[in-house]
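Novice: Please read through the structure below; I'll follow up with questions.
Rule-based calculations on the coordinates, nothing more; no lab input. Bear in mind that the values here come from a model prediction, so they are computed numbers and not experimental data. FYI the Cβ positions are ideal-geometry reconstructions off the backbone, even for glycines, and counts take in every protein chain you see.
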Amino acid sequence: MDHARRRLLSLLAGFALPTRPATASVDQPPLLFGTTPVFLDEQADFLARWRAYLETLLRRPVRFVQRANYREILDLLLGQKLDCAWLCGYPYVRMKAQLELLAVPVYAGRPLYRAYLIVPADDTTTRSILDLRGRVFAYADPDSNSGWLVPQVELKRAGEAATRFFKKSFFTWGHRRVIEAVAVGLAHGGAVDGYIWDSLARLHPELTNATRVAWHSPEYGFPPIVIRRGTPGVEALRHTLLGMARTPLGQALLARLNLDAFTIGDEGLYSGIEANWRYLQV
Amino acid sequence: MLDDLSYRIKIPLAMSLVIVATTAVVAATFTWQSYRQAHASFVHHGEALGKTLARTLRPALLHDDVWQAYEILRTPLERPVDDARVLILLDANGHVFAASDPRQYAILTPFNAGLRAPATPANRDPDLKSSVLESEDGRWLYFSTPILAEDGTLLGRLLQRYDRKLVAPRFVDVSADALYAALAALLLLLPLGWLAGKHLTDPLVQLARCLGRVGREIPESIQCDFHHGRDEIGRLAQSFEDMVHQLREKQALERHLAQSDRLAAIGRLSAGIAHEINNPLGGMLNAISNYRRRGGSDPQAEKTLDLIERGLLQIRDTVSALLVESKIESRALTPADLEDVRTLVAAQVQSKRLTLHWRSAVEEPLPLPSAHVRQILLNLLLNAVQASPEEGDVTCSIGVSNVLTITVGNAGPAIPERRRQHLFEPYFGEEGGEGHGLGLWVTYQLVEQLHGSISVESVPGHTRFSVVLPLEIRRES
């Protein structure tokens, strides 16, 4: 009994070691990292591991900050309440004057993703958002490219007024919940981040199987991790993020995210989103 | 057919039926009560949930947040889609805002299930109050809870739709419990009831059985052991015993009267015969006497006359014994008379090596004719000696109070029943016993003349004759 307990303790200590970095770092202010549902940010276990990983390498505390929607995170970041945030490309292009890219995730070998139009699995006819006239539609977030901007642009291109095209539309404030809303039939269609849908298809196929991808958009720049322009001392964080793909622990964490790596992104990645935004404003 | 059934079956059966009926009624009442309670708690639970949800749903309605409303509606449900429990949020126009089962209740479709209020009285303003409704076909139960803005404006309405079958499992459980309890109670009560019924009817059955014996059997042999209570059966049993007792007495009296009558008839008959015989007999004896007085007879004739005379004398002895003539003597009975009798039987007592236990309380002369009493005592003692086995005991006890009591006992075999019925009648022993069998007849006649009574008890090894003679002789006119 005692022996077993000691073994268990030593095991825990081995795990705990990275979570409690050198004492000197405790004095430093924590790194405040805002997250949004551009990735599966409700997995507390994964966040704890990632946080431990970052704290070990950065030698300073890290706090993940989550809010109900993209807008709050964006406001916190712009209001200097956050050091960095994992946002969607849409708010980034809108606030490009104040924000700069810290790192861009690499998904399926490229820093790109698509928006999906999903419908319930029993709807076998819908091929485009235009087939959903007069139906109920679920958006992810008004600050989401894939979950709002892309369908808006699609409708506008078709000459439809988004406000009247659907009988009813609502926000679920998360991509995963768009999938749920469509799966249970609450909405007849939904706009969702293709990366999230694909990742969930691996983790919870029973959920995604109740939906069908009716249409997917061209590729857009993957939701980036951004900072305010001119934030000092971010190199360590960027270096750590970019280095994740080179450490076994970092690879394991990336695998949990269903990502390949983080890379230095280029503003040009987001020109497609910016073009959409501009088109919608005309 | 029920009338022919024995009470031994009828009463336990009736008790069992009452027990079964009572148990059934209790179980049914219990089940009904439990069902009502289950239903009431179901309604209470539904209304409480409705109130809680209505509060949390208000912001969702105000902010037009379909997803939030859906998540709230889904929270209390165990399964995402459950046809038995569906929560529906209607907007102010009565259209579906969100539902826990969106496929069945699509957003913005008008809700028209055709509800009616089942038992509750019509509300004056049903829109602003919680109410319990049911669908037209009665399958669904709806709890309707209004969702009001702060100023009381109706924002929407929460409907909880429940399958009535949700209450059924509780009902089935409760019914099963009641059934098991009832069966257990029956298992315990039925044997008890049957036993109690049997206990009640047993005396009645026994009484009936005893009653059935009356008339078929002689009253002496009817022996029934009843319980002696003050209840109806106890009183009935008491009456029955009294009746049997009276029957017995009546029968004994009849027998006694018959015996007395018979004895009196025999007495008259024998007296008549004796007189009829005595007259010619006296003549014949006188003729022989006269013939002898004249003398001159030859020896052969003399021998014949002797033979005839002895025969005639024997006839006279027998007849006189039969007659029991009342030769009332004036001399009173003295203790010496009794001692004389004792001396007379002493020789026979010794010859059979018997022991005579003698006890006499007579110490002074008594107003009784000594010859009669001597004859009675002698007869009884001689009978006792004769009946007693060799070396047996013979007891004789003579007591005096206002009557003279003579009790003579022996240890011989019991007197046979057949013989006892004619014990005091003239008896001519066909079994070749001693004497002419007139001893008890004579004794009976003597006792009758003295207005006394004679009785006998006889069991194997003990036979006792008792004679009671009143000391004041009532002279009959």
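Novice: One-quarter of the Cα convex hull surface for chain B, in nm²? Please list the in-between numbers first.
Specialist: Numbers: hull surface 197.0 nm².
One quarter of the hull surface, i.e. the mean projection, equals 49.2 nm².
Novice: Another question about this same structure. As a test of the formula, what do you get for chain A when each DSSP H run with n ≥ 4 contributes -39,500 (n - 2.57) and the sum is divided by the residue count, at 222 nm and rounded to the nearest 500 deg cm²/dmol? Don't jump to the answer; show the numbers that get you there.
Specialist: On the way: 12 runs with 114 residues, N = 282.
Value at 222 nm, helices only: -11500 deg cm²/dmol.
Novice: I'd like the projected area of the stretch B:2-172, averaged over all directions, using the convex hull of its alpha carbons. Report it in nm² with one decimal.
Specialist: Orientation-averaged projected area of the Cα hull: 13.9 nm².
Novice: Okay, next question. Can you check what the Kirkwood hydrodynamic radius comes to for the protein assembly as shown, Cα pairs only, in Å to one decimal?
Specialist: On the way: mean 1/r = 0.0249 Å⁻¹.
It works out to 40.1 Å.
Novice: For B:Val20 and B:Asp202, what does the FRET efficiency come to when R0 = 22 Å and r is the distance between their Cβ atoms, rounded to the nearest 0.05? Let's see the in-between values first.
Specialist: Numbers: r = 23 Å, r/R0 = 1.03.
Step by step, r from the Cβ atoms, then E = 0.45.
Novice: Show me B:96-105, B:292-301 ranked by packing, highest mean number of other Cβ atoms within 10 Å first. Can you show the working numbers first?
Specialist: Working: B:96-105: 23.2, B:292-301: 9.0.
The peptides rank, most packed first, as B:96-105, B:292-301.
Novice: I would also like to ask the following. Find how many whole Å separate the alpha carbon centroid of the stretch A:89-127 from the alpha carbon centroid of the stretch B:147-185.
Specialist: Distance between centres, Cα-based: 48 Å.
Novice: Enter the mean number of other protein chain beta carbons within 10 Å of the beta carbon of each residue in A:164-171, as an integer.
Specialist: Rounded to a whole number, the mean comes out at 3.
Novice: Over all directions, what mean area does the Cα convex hull of chain A project, stated in square nanometres?
Specialist: Over all viewing directions, chain A projects a mean Cα-hull area of 17.0 nm².
Novice: Tell me the relative contact order for chain B as a rounded percent, counting alpha carbon contacts under 8 Å between residues six or more apart.
Specialist: This gives 10 percent for chain B.
Novice: Still on this structure, I have one more. Excluding same-chain residues fewer than 8 positions from B:Lys198, which lysines have a Cα within less than 26 Å of its Cα?
Specialist: Once the sequence-local lysines are set aside, what remains near B:Lys198 is B:Lys10.
Novice: To check my understanding: the extent here is largest minus smallest coordinate of the Cα atoms along each principal axis. What are those three numbers for the stretch B:232-320, in Å, largest first?
Specialist: Computed over the Cα atoms, the extents are 94, 19, 11 Å.
Novice: List the residues whose amide H sits under 5 Å from the amide H of B:Ala98, counting only those 5 or more places along or on another chain, with H placed 1.01 Å from N in the peptide plane.
Specialist: Here B:Leu89 satisfy the definition.
Novice: To the nearest 0.05, how large is the calculated FRET efficiency for B:Asp317 and B:Val214 if R₀ is 56 Å and r is the Cβ-Cβ distance?
Specialist: Taking R0 as 56 Å, the efficiency between B:Asp317 and B:Val214 is 0.65.
Novice: Could I ask something else about it? Taking H as built 1.01 Å from N, whose amide H comes closer than 5 Å to the amide H of B:Leu368, not counting residues under 5 places away?
Specialist: Those lying under 5 Å, H to H, from B:Leu368 are B:Leu333.
Novice: Can you work out ³J(HN,Hα) from phi for every residue in the stretch A:108-121, in order, using Karplus 6.51 cos²θ - 1.76 cosθ + 1.60 and θ = phi - 60°, giving whole Hz and x for Gly and Pro?
Specialist: For the stretch A:108-121, the Karplus-derived couplings read 6, x, 9, x, 10, 8, 10, 9, 10, 9, 10, 9, x, 4 Hz, x marking Gly and Pro.
Novice: Against the longest alpha carbon principal axis of chain B, how many degrees, from 0 to 90 and to the nearest 10, is the axis of helix B:299-323 turned?
Specialist: 30 degrees
Novice: If I fit a long axis through the Cα atoms of helix B:232-294 and take the longest principal axis of the Cα atoms of chain B, what angle between them do I get, 0 to 90°, rounded to 10?
Specialist: It is inclined by approximately 10 degrees.
Novice: Taking H as built 1.01 Å from N, whose amide H comes closer than 5 Å to the amide H of A:Ala115, not counting residues under 5 places away?
Specialist: Residues meeting the amide H criterion: A:Gly194, A:Ser217.
Novice: Apply the Karplus curve 6.51 cos²θ - 1.76 cosθ + 1.60, θ = phi - 60°, to the phi angles in the stretch B:173-186 and return the couplings in whole Hz, x for Gly and Pro.
Specialist: 4, 4, 4, 4, 4, 4, 5, 5, 4, 5, 4, 4, 4, 4
Novice: Next up: Give me the one-decimal nm value for the distance between modelled label points at B:Ala301 and A:Glu235, 7 Å along each residue's Cα-to-Cβ direction.
Specialist: 20.3 nm
Novice: Give the range of the longest stretch in chain B that excludes all GluC sites (Glu not before Pro) found in loop regions by DSSP and having at most 13 other beta-carbon atoms within 10 Å.
Specialist: It works out to B:151-324.
Novice: What are the ³J(HN,Hα) values, in whole Hz, obtained from phi via the Karplus relation 6.51 cos²θ - 1.76 cosθ + 1.60 with θ = phi - 60°, for each residue of the stretch B:451-460 in sequence order, with x given for Gly and Pro?
Specialist: Ordered by residue, 3J(HN,Hα) equals 6, x, 9, 10, 9, 9, 10, 9, 10, x Hz.
Novice: At what distance in nm do the modelled label points of A:Ala48 and A:Asp75 sit from each other, each positioned 7 Å from its Cα along Cα→Cβ?
Specialist: Distance between the two pseudo-spin positions: 3.1 nm.
Novice: While we're on this one: Taking the number of other C-beta atoms within 10 Å as the exposure measure, put B:Ser221, B:Ser16, B:Ser289, B:Ser270 in order starting with the fewest.
Specialist: Fewest to most other Cβ atoms nearby, the residues stand as B:Ser221, B:Ser289, B:Ser16, B:Ser270.
Novice: So if I take the centroid of the Cα atoms in the stretch B:186-250 and the same for the stretch A:232-254, what is the distance between those two points in Å?
Specialist: Distance between centres, Cα-based: 109 Å.
Novice: Now a separate question. With each pseudo-label sitting 7 Å past Cα toward Cβ, what's the B:Arg8-B:Asp340 distance in nm, one decimal?
Specialist: 6.7 nm
Novice: Then there's this: In debye, nearest 20, what is the charge dipole magnitude of the protein assembly as shown about its Cα centre with +1 on Lys and Arg Cβ and -1 on Asp and Glu Cβ, if you could check?
Specialist: 3440 debye
Novice: Among B:Ala237, B:Gly138, B:Leu200, whose Cα sits farthest toward the positive end of the charge dipole of chain B (+1 at Cβ of Lys/Arg, -1 at Cβ of Asp/Glu, about the Cα centre)?
Specialist: B:Gly138
Novice: Past 31 Å, Cα to Cα, is the threshold; run A:Lys168/B:Lys129; A:Lys81/A:Lys168; B:Lys51/B:Lys165 against it and keep the listed order.
Specialist: A:Lys81/A:Lys168
Novice: Just to confirm the number: angle between the C-alpha axis of helix B:7-62 and the first principal axis of chain B, 0 to 90 degrees, nearest 10?
Specialist: The helix B:7-62 is inclined about 10 degrees to chain B.
Novice: What is the packing order of peptides A:217-224, B:174-181, taking the mean over residues of other C-beta atoms within 10 Å and listing the highest first?
Specialist: The densest-packed peptide leads the list: A:217-224, B:174-181.
Novice: Using 0.36 nm per residue, how much length does the chain from B:His95 to B:Asp151 gain when fully extended, once their Cα-Cα distance is taken away?
Specialist: Numbers: separation 56, 0.36 × 56 = 20.16 nm, distance 2.18 nm.
The B:His95-B:Asp151 span can extend by a further 18.0 nm.
Novice: Return the Cα extents of the stretch A:112-221 along principal axes one, two and three, sorted largest first, each rounded to a whole Å.
Specialist: 37, 31, 24
Novice: Taking the Cα centroid of the stretch A:33-64 and of the stretch B:360-376, what is the distance between the two, rounded to the nearest whole Å?
Specialist: So the separation of the two Cα centres works out to 144 Å.
Novice: If r is the Cβ-Cβ distance from B:Glu364 to B:Ser453 and R0 is 22 Å, what FRET efficiency results, to the nearest 0.05?
Specialist: So the FRET efficiency works out to roughly 0.40.
Novice: Counting Lys +1, Arg +1, Asp -1, Glu -1, what net charge surrounds A:Arg176 among other residues with beta carbon under 10 Å of its beta carbon?
Specialist: -3
Novice: Between B:Lys352 and B:Ala181, what length comes free when the chain is fully extended (0.36 nm per residue of separation minus the Cα-Cα distance, one decimal in nm)?
Specialist: Value of the extension gain: 53.2 nm.
Novice: How high is the relative contact order of chain A, in percent, with contacts defined as C-alpha pairs under 8 Å that are six or more residues apart?
Specialist: Relative contact order for chain A comes out at 25 percent.
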